[in-house]
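What follows is a set of notes on a single structure, which appears directly below.
The values are calculated or read from the model by the stated rules, or taken from the named source; none is laboratory data. Computed from a predicted model, the values in this text were never measured in an experiment. Positions of Cβ are backbone-derived with ideal geometry, glycine not excepted, and every protein chain shown enters the neighbour counts. In case anyone asks, the SASA skips ligands and DNA or RNA and just uses the protein heavy atoms, side chains included. Shrake-Rupley method; radii C 1.70, N 1.55, O 1.52, S 1.80 Å.
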Amino acid sequence: MIENRQFVITKKIAKHGNQAIIIIPRILEDKLKPGTITKLTIDVLGEVKND
């Protein structure tokens with residue numbers, strides 16, 4: 001039986017080359033193994049101003 005788990009993470013979007021990425025904390029590494037199906041919802045809380 002699959003156990004539903006929910007985690008709330010507030011993150012700043014990182015940059016990897018030309019791509020924006022979200023880095024998952026290492027503490028969740030055992031819970032989010034490759035092949036795990038997840039539901040990701042993104043709420044934009046603020047934006048960086050380009051000067």
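Scale the Cα Rg of the chain by the rule-of-thumb value 2.2 N^0.38 Å and send over the ratio, two decimals. Let's see the in-between values first.
Working: Rg = 13.9 Å, N = 51, 2.2 N^0.38 = 9.8 Å.
It is 1.42.
Given a 1.4 Å probe, how much area per residue of the chain is accessible, in Å²? All intermediate terms of the calculation are to be shown ahead of the outcome.
Working: 5890 Å² over 51 residues.
Accessible area per residue, the chain: 116 Å².
Would you please put 30-39, 17-26 in order of how densely packed they are, using the mean number of other Cβ atoms within 10 angstrom per residue and starting with the highest?
Working: 30-39: 7.4, 17-26: 9.2.
Ranked from most to least packed, the peptides come out as 17-26, 30-39.
Hey, any idea what % of the chain's accessible area is carbon plus sulfur with a 1.4 Å probe?
Numbers: 3050 of 5890 Å².
Of the solvent-accessible surface of the chain, carbon and sulfur hold 52 percent.
What is the gain in length, in nm to one decimal, between residue 12 and residue 28 on full extension, counting 0.36 nm per residue of separation less the C-alpha to C-alpha distance? Mind showing how you got there, number by number?
Values: separation 16, 0.36 × 16 = 5.76 nm, distance 1.71 nm.
Between residue 12 and residue 28, full extension yields 4.0 nm more.
For segment 1-40, what number of Lys pairs, 8 or more residues apart or on separate chains, have alpha-carbon atoms under 20 Å from each other?
Values: 11/31; 11/33; 11/39; 12/39; 31/39.
Step by step, the pairs that qualify in segment 1-40 add up to 5.
Along Cα→Cβ, 7 Å out, is where each label goes; now give me the distance between the ones at residue 19 and residue 37 in nm to one decimal.
2.3
What distance in nm lies between label points placed 7 Å from Cα along the C-beta direction at residue 4 and residue 48?
Each label point is offset 7 Å from its Cα along the Cβ direction, giving 3.5 nm.
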